[in-house]
Amino acid sequence: MFMKSFLGSGAVTAFNALRAFAINKLLAIFLPPAAFACVGQFLNLMSIGQATSSLALQNGWTSLTAQNKDDQNNLLGIWHGGTRLTTFATIFTCIAAILFCVMAPLESLFPGMNPRLVQAAILFAMPGILASNIVTICAAVMNGMGKNRNWALINMVSSIWQVLWVAFFLYTGRLSVLSIIATQSVVAGVFAAQIAARAGFSVKQIWKTVADYRGPWYPYALMGLVPMVLTPIALTVIRTSVSENFGADAAGIWQSVWKVSDFIFMMMSAILTVIILPKVSAKLTKQDFLKLFNPLLLRVMGISLVTVLALYFGRDILVQVLFSKAYLGAADYLPLQLVGDFFRAGGYALALVLIARSETKSFLIVETCSEIFLTVSSLVLMRFVEFNGPMLAYAIENFLYFVVLFIVVRRLKWNVQ
């Protein structure tokens, strides 16, 4: 059953990985390392915007839909509450983005780029973020409803549209590179909304619903927002420090190393979310949970080990395939990063247990401490091991994250038969 679910969701995730690879490859071909680092900086800002506008409720859309799909009235009330929260958060994010355009030190955040073009990209990012949230929400709801074909269709077709969008505008040069990245999900958002509406997730029907259940969403908002906001902030601090200490091109090399981890995590997290979230809840007994989760965690760690070993031995080819010859130096710094990637997969599987059970306090404490540790240890270790500092910090942080979450999950209270 695990392998069937893993391979099914893995096929769609592999398609998304190809989309990320294609876009990343196009950017690496068209941009030098310094500009590539600026794109990474802009993507961090977009991640914060997506988090605040959607309240990072993706896991909530999946879990709450799965829990209430057999009760249509309750389900519509849950969807209504989530939609209203997302609407208010999106309005707030748009206002904040406009203020950021005027007040932020764009020259220092995006060295070498015209501030006017950066401002235009931030404004373009507002509809782009909205469209991206629509894709994410629609796919998550389809996952929660068990409509895997619709989930797969939304993910795969949306990926195709994003690649075509980036390729067309990079080739024609009609938009700046940041504006292209900002708007890549616009067409995909329209498509995802249409597919979801045909499957029963209709915005018109939701807004007509009298019931408005917002309470169940708050734990998911907290657990989603913290990592989605703290991670981009941590990466921005690290990237800025790398640039100041070793130069803009070095920041681009570090960005490429981190991008490899992004590819691995994107694939593993998407697959694990589909497998774990709809199945784990506080209604399980401890024996049932262990019977379900222990073999799954063991398989996850095994697959993660095989993956990082394959990438380690093929790292020189990997860098050339993912990026270009200008980024060949990244291969020398991948081994430490891959150690962190190995533990990151298992840590995420454990974190999903806390999310599914709404263990908000435990999750927030671990996640916050983890991001703070990554940032501080990266800055400190750069003084001792220079450019290897962020990679070593990442490896240590993910090892500790896995160990702590393993202990926390083992100590959770479950129903007693």
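Dividing the radius of gyration of the alpha carbons in segment 238-310 by their Kirkwood radius gives 1.21 for Rg/Rh.
Cross-link reach is defined here as a Cα-Cα straight distance under 16 Å, omitting same-chain residues fewer than 8 places apart; for Lys25 the aspartates and glutamates meeting it are Asp262, Asp316.
Structure remark: mean-square fluctuation, Gaussian network model of the chain, C-alpha springs under 10 Å; the largest value among Asp249, Asp212, Asp332 belongs to Asp332. Farthest towards the positive end of the charge dipole of the chain, among the residues Ile154, Ala211, Gly112, is the Cα of Ala211, using unit charges on the Cβ of Lys, Arg, Asp and Glu. When the Cα gyration tensor is reduced to axis lengths a ≥ b ≥ c, the ratio a/c is 1.5 or higher for the chain, and with a/b not above b/c it is classed as oblate. Summarising the label geometry, the points placed 7 Å from Cα in the beta-carbon direction at Phe92 and Leu328 lie 5.0 nm from one another.
When the chain is treated as a GNM with alpha-carbon contacts under 10 Å, the residue of Leu298, Leu328, Leu123 showing the greatest mean-square fluctuation is Leu298. Between Val321 and Val203, the modelled label-to-label distance comes to 3.9 nm, taking each label 7 Å out from Cα in the direction of the beta carbon. Taking the square roots of 5 times each eigenvalue of the Cα gyration tensor of segment 166-321, largest first, gives ellipsoid semi-axes of 34, 28, 18 Å.
Using θ = phi - 60° in the Karplus curve 6.51 cos²θ - 1.76 cosθ + 1.60, the 3J(HN,Hα) couplings for segment 401-408 round to 4, 5, 5, 5, 5, 4, 5, 4 Hz; x is entered for Gly and Pro. For Ala211 and Arg410, the difference between the fully extended length at 0.36 nm per residue and the C-alpha to C-alpha distance is 67.9 nm.
Structure remark: mean-square fluctuation, Gaussian network model of the chain, C-alpha springs under 10 Å; the largest value among Gln194, Gln337, Gln162 belongs to Gln194. Report the net charge of residues surrounding Val409, where surrounding means a beta-carbon distance below 12 angstrom and charges are Lys +1, Arg +1, Asp -1, Glu -1. After counting each charged neighbour, the total is +4. For segment 291-316 versus segment 109-172, the spacing of their alpha-carbon centroids is 29 Å.
Throughout, read-outs are computed from the coordinates displayed, never taken from laboratory work. The shown structure was predicted, so the numbers you read here are calculated from the model rather than taken from an experiment. Glycine also receives a Cβ, built like all others from the backbone with ideal geometry; neighbour counts cover every protein chain displayed.
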